[in-house]
1. Given the criteria at pLDDT 95 or above and polar (S, T, N, Q), does residue 283 qualify?
2. In region 100-154, which residues are loosely packed, with under 14 Cβ neighbours inside 10 Å, assigned to a loop (DSSP other than H, G, I, E, B) and at pLDDT 85 or above?
3. Kindly provide the set of residues from region 418-433 that are under 21 Å from residue 347 (Cβ atoms) and either modelled with pLDDT of 80 or more or in contact with a Ser or Thr (Cβ under 6 Å, 6 or more places away or on another chain) (or both), ordered by number.
4. Please determine, by comparing only the residues of region 27-75 that are within 18 Å of residue 14 (Cβ to Cβ) and either among the hydroxyl-bearing types (Ser, Thr, Tyr) or not assigned by TED's automatic domain parsing to the domain that holds residue 113 (or both), which one is nearest to the chain's Cα centre (by Cα).
5. Which of the residues that make up region 409-441 are among the charged types (D, E, K, R), free of Cβ contacts under 8 Å to residues at least 60 places away in the same chain and in a helix (DSSP H, G or I)?
6. Taking the condition within 24 Å of residue 263 (Cα to Cα), of a type in the set (A, V, I, L, M, F, W, C), at pLDDT 85 or above and in contact with a helix residue (DSSP H, G or I) (Cβ under 9 Å, 6 or more places away or on another chain), does residue 189 pass?
7. Can you pull out the residues in region 442-458 that are over 26 Å from the mean Cα position of the chain (by Cα) and in a loop (DSSP other than H, G, I, E, B)?
Amino acid sequence: MASILVVDDELSMREFLRILLKKEGYQVTVAAEGKTALGLAEQDSFDLVISDIRMPGMSGLELLGRLKEIHPDIGVIMITAFASPEDAVTAMKGGAFDYITKPFNVDEIKRVVRAVLRKRPQLETASTDGFPEIIGQSPEMMKIFDLIAKIAPTPANVLIYGESGTGKELVAKAIHNRSRVAGHPFVPITCSAIPESLLESELFGHVKGSFTGAIADKAGLFQLADGGTAFLDEIGELTPIIQTKLLRVLQEREFMPVGSTKTRQVNVRIIAATNRILEEEITSGKFREDLYYRLAVVPIRVPPLRERIGDVPLLVDHFLKKYSTLLGKEVQTISSYGMEVLMQYDFPGNVRELENIIERGVALESSNIILPENLILSLHRRGKSKPPPDEGTAPLFVAARNEQELFELGLEEVLQRVEKEMICHAMTRADSSKMRAAELLKLSFRSLRYKTKKHGID
């Protein structure tokens, strides 16, 4: 059970966090000021410290430095009601895991606490043990891990389907690496990346002189993968002729190179992948039904990232480590508000898009924490987006009412209503993207976040 030390000079905040964290199953100790907290930390070992920044006597930032001297690996979350970029940067440079501004919601603090504790070696979960190729702990991914473990030792062909960027090739590699032919070749080919005129030769090989430019015999995918696994990505792009030849490989375990009159035997497991709905392709006559059933002995659906949004923090941590190393940066984490932006995003490009966002964020960041302004998200959304309002038919509150009504409401009420209406207009124009809406309103992301909560705007 993880042990947490809460440090805050406000009794109400200490009690709130104590009750909340105890309900989550943690052992909780509280302290009203920094010196007491430091004494407790010297006597006992805590997995996490949650500390206010502004406190009488020893400040939270000073406590952070002293804690890191005693326990360099301890996790620390800084909280404050007086947000400032300078404090955030100082806290992160001092070794804090995250910096959260009050008031924060219950789900936010729970998520950040879990994220810190995942980094504690003795508390790490083992949900991805045995699957280093794939990052995920969500129920959807656990089902895939279980299915991989069952089918990998068998020779059954597999059809992996899902949207682009979900990691279908990683699933294929995981199957191969746990199969009985793991020591043999894993040969991938992307069917849509090769011109139709060359694809047959790439798959089946060719003999010298079979066509212009064939100056020597060439081994194709199936010959190279003999004894191992052939991975055919974007299988839905195959032409009818090549579909027929592939069916023969599956049925007879033999193929004929381009320009040859002799068949060659092959022992290869085929894993195919597609982002198309092949059942619809069959109905329209673009894909052979018999080939489909030969390929889809075991079908595996890889869910889009928006359906396993709980895996985003794990993936972010993985990509942060990867690109901090590759780009020579010391970006260690992402701010809680930055993570909130990602958790509310629908990721039309899936895991591949998230990786690109983090790589770009690491490249742009000058401190050791990625802030929301360095998360550049696509404004593209799946489905129909809301059209921007017509300014001519949607006037602001002030313009829509007469002078007497405005005086009856009073200045404060009018300003509040105008503010709320402008935020709603901006959110509509930005297709619910808070970052884009903040840009339109010329506000910081944090200011907009505060105002949407104040007005109850979803």
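1. In short, no.
2. 153
3. 427, 431
4. Among those that are within 18 Å of residue 14 (Cβ to Cβ) and either among the hydroxyl-bearing types (Ser, Thr, Tyr) or not assigned by TED's automatic domain parsing to the domain that holds residue 113 (or both), it is 51.
5. Result: 412, 413, 417, 419, 420, 421, 429, 436, 439.
6. yes
7. The answer is 442, 443, 456.
A quick yes/no check of all residues on (1) part of a helix (DSSP H, G or I); (2) among the hydroxyl-bearing types (Ser, Thr, Tyr); (3) more than 29 Å from residue 303 (Cα to Cα); (4) touching an Asp or Glu at 6+ places or on another chain (Cβ under 6 Å):
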{"position": "201", "(1), (2), (3), (4)": "yes, yes, yes, no"}
{"position": "211", "(1), (2), (3), (4)": "no, no, yes, no"}
{"position": "214", "(1), (2), (3), (4)": "no, no, yes, no"}
{"position": "223", "(1), (2), (3), (4)": "yes, no, yes, no"}
{"position": "226", "(1), (2), (3), (4)": "no, no, yes, no"}
{"position": "245", "(1), (2), (3), (4)": "yes, no, yes, no"}
{"position": "248", "(1), (2), (3), (4)": "yes, no, yes, no"}
{"position": "273", "(1), (2), (3), (4)": "no, no, no, yes"}
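The values are calculated or read from the model by the stated rules, or taken from the named source; none is laboratory data. Treat the numbers as computed from the prediction; the structure is a model and nothing was measured. Methodologically, a virtual Cβ is constructed for each residue, glycine included, from the backbone with ideal geometry; neighbour enumeration extends over all protein chains shown.
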